[in-house]
Amino acid sequence: MTTTTLYLERTSALHRLNPVTKLVALLSIILAVFAVPHWWIPLGIVAVVIVPAAVLGRVGGRLLRLFLILLLPLLVVLFLIQGLFYPDGSTVLWEWGLAQLTTEGLLFALTIGSRLTALVLGSLVFVLTTDPARLMSALTQVGMSPKIAYVISASLQIIPAFQARAQSILLAQQARGLAIVGSPLKRARALLPLLGPLILGMITDVDERSTAMEARAFGATPKPTSLIVVPDPVGERVARWLMFLSAIAVVVLVVVGVIA
């Protein structure tokens with residue numbers, strides 16, 4: 001794996017899928033889980049769709065680590081705040097001072113947490129199994145503007161690139177005598193000098209990319225020739241339409257009250 005993307009190169013069936021198919025599947029999942037007001041729907045999608053997809057793509061271990069690092073702390077905070085301080089809670093399960101553990105607060109936290117879990121885990125599976133270069137080529141092949149395709153592709157690399165640059169700056173500062181040991185407050189103060197070089201470095205990187213793209217006449221032609229031709233079988237094109245129409249149908253059923 002490179003230092004500027006979370007993509008893990010594998011030889012799985014999920015990796016071989018057209019990136020547009022995976023993108024449409026992700027957007028359909030997000031639309032469905034946020035449209036349906038039931039907490040068990042997102043968790044069901046995670047159990048039946050997202051986790052099996054991660055296993056199929058052989059990225060389950062990495063997905064679990066990212067879940068424990070990124071999502072689990074956020075879920076814990078969500079349940080603590082909403083469970084103990086939900087303003088509209090009436091069924092009190094436990095009380096201590098101003099803190100009231102209510103059924104309504106826990107249910108609200110469960111609904112938001114399940115949606116957030118489906119959103120984050122689905123997005124991570126997409127990022128871990130999708131090569132940004134293939135994604136950009138696939139998007140331009142289906143008629144998307146190269147500029148928009150580049151924005152979508154580059155967004156997959158923002159956080160890894162940010163982490164890589166921050167790590168290199170931190171190592172350089174430590175080599176110059178920066179100490180990051182001691183109390184949490186002391187470590188936080190020691191990391192403040194990293195912000196300037198980090199922000200300026202990212203701005204410089206954006207400027208360099210812009211200059212390189214202009215030198216190559218990026219976007220000068222509506223349909224540029226790509227070095228990577230991504231296969232797009234008829235079956236996948238049909239599946240994309242079915243996923244999209246299914247997600248729209250779920251939204252319509254919620255709006256008309258069939259799903260309440």
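Each residue in region 54-97 was checked for being of a type outside the set (A, V, I, L, M) and closer than 30 Å to Leu14 by Cα, and 8 of them qualify. Residues that are in contact (Cβ under 8 Å) with a residue 60 or more places away in the chain and surrounded by 19 or more Cβ atoms within 10 Å (Cβ to Cβ) number at least 1 in the following helices (runs of 4 or more DSSP H) confined to region 1-89: 13-16, 19-35, 40-45, 51-56, 60-66. Note on region 96-112: residues that are over 10 Å from Leu78 (Cβ atoms) and hydrophobic (A, V, I, L, M, F, W, C) amount to 6. Only residues that are polar (S, T, N, Q), surrounded by 15 or more Cβ atoms within 10 Å (Cβ to Cβ) and modelled with pLDDT of 70 or more were counted across region 141-170, and they come to 2. A count restricted to region 90-103 and to residues that are assigned to a strand (DSSP E or B) and under 21 Å from Ser114 (Cβ atoms) stands at 3.
Identify all residues within region 129-151 that are under 13 Å from Val229 (Cβ atoms), β-branched (Val, Ile, Thr) and not in a loop (DSSP other than H, G, I, E, B); write none if there are none. Passing the criteria: only Thr140. For beta carbons closer than 9 Å, sequence separation of 6+ or different chains, a first residue in region 114-134 that is closer than 14 Å to Leu23 by Cα and a second that is surrounded by fewer than 20 Cβ atoms within 10 Å (Cβ to Cβ) and of a type in the set (Asp, Glu), the qualifying pairs are Asp131/Glu9.
The values are calculated or read from the model by the stated rules, or taken from the named source; none is laboratory data. What you see is a predicted model; the values in this text were computed from it and never measured. Cβ sites come from the backbone with ideal geometry, for glycine too, and all protein chains shown count toward neighbours.
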